[in-house]
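J.: My structure is below; once you've seen it, I'll send some questions.
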Amino acid sequence: MKMFFSVLRVILLVFFLGLFCYSGWQLWEIYQVYQTGNDLYADVAAQVVHMETDTREDDEATEGESEPAAPGASAPETEDIGITVDFDALLEINPDVVGWLYCPNTVINYPLVQGEDNDYYLHRLIDGTSNSNGTLFVDAQNSAGFSDENTVIYGHHMRNGSMFGSLENYEQQSYYEAHPVVYLLTPEGNYAIELFAGFTIAADAPVYTYTFATEGDYASWLAEQRARSDFSASVEVGTEDRVVTLSTCAYDFQDARYVVLGKLVSLTVG
């Protein structure tokens, strides 16, 4: 009997040691996948994104510049975004590119695509490589040029906070106040997305409505989304405006999503 328990202890030790090694290997695999995606997007940004330097100490260079406008105020000048994008180079990497999404002082600094469906870019990087990071993409049902009343952009909620992993931070008023604007740069022109609502919702909720039959339907929809918001914003949005909805997974309940909505404001050329 003593021999039996000794053998059993050895078997259990080997089993749990194997389980530990297997779990560690899985974690390493996940880390490698995340790192591959992060490295690729960092490389793409290095190729096509120019970060503008602050030259405010030079009075001559800054003549005519203005401070970035607060959400709901008049649109800031293009150079206030802080970056420019070489779309010719980016379109050579992937012709499905429709823009670049950038939120200052956050991880959101990524290319944006629109495919023929909503599956392809879920688990493919911008170069077509299979990877769980995926690529930020516009809903395939949306019209081109962000012309619908509501354009939906999807991104994964990565555990390391990359992609749209930071959107859930908009549950906090202080985070909204620190990051009230997301910038959308496109080959045709640049926009500020002035955020006015963020909340958790089901995957089949009416927030994923793209166009509306009547102006009244759109007005009701706008009021409903604002009323759900976790944060308070002074941004004025009406039926003459277009909205962009940023969407990612949430884990509050099955098929939950966290969405952040903003008014699309065309930026003037300085």
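The values are calculated or read from the model by the stated rules, or taken from the named source; none is laboratory data. What you see is a predicted model; the values in this text were computed from it and never measured. Cβ: placed from backbone, ideal geometry, glycine included. Neighbour counts: every protein chain shown. The protein model used for the area step is the full one, side chains on, heavy atoms only, and it has no ligands, DNA or RNA in it. Shrake-Rupley method; radii C 1.70, N 1.55, O 1.52, S 1.80 Å.
J.: Looking at this structure, is Leu122 of a type outside the set (D, E, K, R), without any contact (Cβ under 8 Å) to a residue 40 or more places away in the chain and buried (at least 22 other Cβ atoms within 10 Å of the Cβ)?
T.: Details: of a type outside the set (D, E, K, R): yes; without any contact (Cβ under 8 Å) to a residue 40 or more places away in the chain: yes; buried (at least 22 other Cβ atoms within 10 Å of the Cβ): no.
Criteria not met by Leu122.
J.: Here's a follow-up. Which residue pairs have Cβ atoms closer than 6 Å, lie 6 or more positions apart in sequence or on different chains, and pair a first residue in the stretch 233-258 that is at negative phi with a second residue that is at pLDDT below 95 and in a loop (DSSP other than H, G, I, E, B)?
T.: Hits for this filter: Ser234/Gly72; Val235/Pro71; Val235/Gly72; Glu236/Gly72.
J.: Continuing with the same structure: Out of Ala256, Ala205, Ala197, Ala227, report the one residue that is open to solvent by 40 Å² or more (accessible area, probe 1.4 Å), over 30 Å from Asp88 (Cα atoms), at pLDDT 95 or above and of a type in the set (A, V, I, L, M, F, W, C). Walk me through it before giving the result.
T.: Details: Ala256 fails: open to solvent by 40 Å² or more (accessible area, probe 1.4 Å); Ala205 fails: open to solvent by 40 Å² or more (accessible area, probe 1.4 Å); Ala197 fails: open to solvent by 40 Å² or more (accessible area, probe 1.4 Å).
Sole residue among the options that is open to solvent by 40 Å² or more (accessible area, probe 1.4 Å), over 30 Å from Asp88 (Cα atoms), at pLDDT 95 or above and of a type in the set (A, V, I, L, M, F, W, C): Ala227.
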